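Encoded as structure tokens, the structure appears first; notes follow it.
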């Protein structure tokens, strides 16, 4: 008797029409039964945002193909929550998100809707992997990733993932040279330094557009950024316990504050 | 000669009219020079969202008082970025966020706009503290927190914070009994289990409202949730390196995947 095929929920933060989403869904069809739930609009850089002020709606998208597609008016995290509870009517064996048009290495993970969906799934105990390509083009070339994505997905399904860990997988942009392999990395230290230029609208009112410069602040060779530069796939085991455990004792002075109440 | 007073940026995610924001700003006036930059709308549960699709605008709010207030059409993270770069014209000595109307203990920190502002500041090297009260009322009673907030703030300014660490401070709701003191805690393990009810609009179309049940999954006594239950202030040293360092070796199998390119 054949084993039941794994149920895979696919989402992203670039919207339901993104090339990377459909590339990922097609690859997942080699591995299991695929349900796609994505956002109406581009929801990049929405972090772990959820919809609390509006009603959420999910609708099927009519299309031919090997997988079902649903569109949601919320965020990537809403897609995961609604997807496995109201659309799939079963707990998926795996949630995958992407392929993001743009890197989620280093501190980009903190702003990422793609990885927020992955983290949301893992918080609910579902193995989850986010895939991102270090290229922002809407028509990015994803053709060098097939075996890596299928291989990583199969391994996550077969062996599971450590408790409280999801995977943040980033790929180098396609170049003349084939990808050299996979490295397990840590999130590189960096920050975005915004440089706001003053703009003025037709009424003379000032406005700003968010933009900035990526400032690398790491000296190690074991980071995701270095892996991508070296033409490797980076995999960062990513969690959701934000406690800095080894700094708890450094704060013990705060327990001695003499308080008398407000 | 007197030392220059510290420059303090105050923000939140409940909007510029929230009671908790102005309570915090008033308390900060005891400690330094205060600039408030908050959001036009309530931006709870917007996580580390930033505004990339619209122009950002900041306007002063006309009012009498000991501190200046500016309102921004973006997210709490946008407020921090714009606040210290375009409004204050100087690097603040401290960023504080809150007082949030609602707990940011345990996994609530992951959804929190209040704490996203704090993390954004700390990523840029600025000491930062988030304050939240375990009470969601718009007219919540914050009167028991004065000495704790001033004391914690002064200590953070005088002694600084460990590298890569900001503080997630949560307060118990006012009760008959005074707060017992301060505990340094870790983020409790828990999850939000959504229970989506089916609703139908006037056209018969289904919709859902996000809501859920907090499922506690921790057995330790050193968590923020236990501290609040015991009527203590919880302080969690909170970071932004999401790598689960001690699970990197557990993933070494992924580096042996036999890949031939897509």
So residue A:237 clears everything in (1) outside any loop (DSSP other than H, G, I, E, B); (2) facing chain B (nearest Cβ under 8 Å); (3) without any contact (Cβ under 8 Å) to a residue 40 or more places away in the chain except one condition, right? Which one? (3)
Out of A:77, A:36, which single residue is touching a helix residue (DSSP H, G or I) at 6+ places or on another chain (Cβ under 7 Å), closer than 22 Å to residue B:116 by Cβ, without any contact (Cβ under 8 Å) to a residue 60 or more places away in the chain and buried (at least 17 other Cβ atoms within 10 Å of the Cβ)? A:77
Options A:105, A:66, A:25; residue that is more than 12 Å from chain B (Cβ to nearest Cβ) and at pLDDT 95 or above: A:25
Restricted to region B:194-225 and to residues being in a strand (DSSP E or B), facing chain A (nearest Cβ under 8 Å) and within 22 Å of residue B:45 (Cα to Cα), the residue nearest to the chain's Cα centre (by Cα) is B:194
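The values are calculated or read from the model by the stated rules, or taken from the named source; none is laboratory data. All of these numbers come straight from a predicted model, not from anything done at the bench. For neighbour counting, all protein chains shown are included, and Cβ atoms are generated from backbone atoms with ideal geometry for every residue, glycine included.
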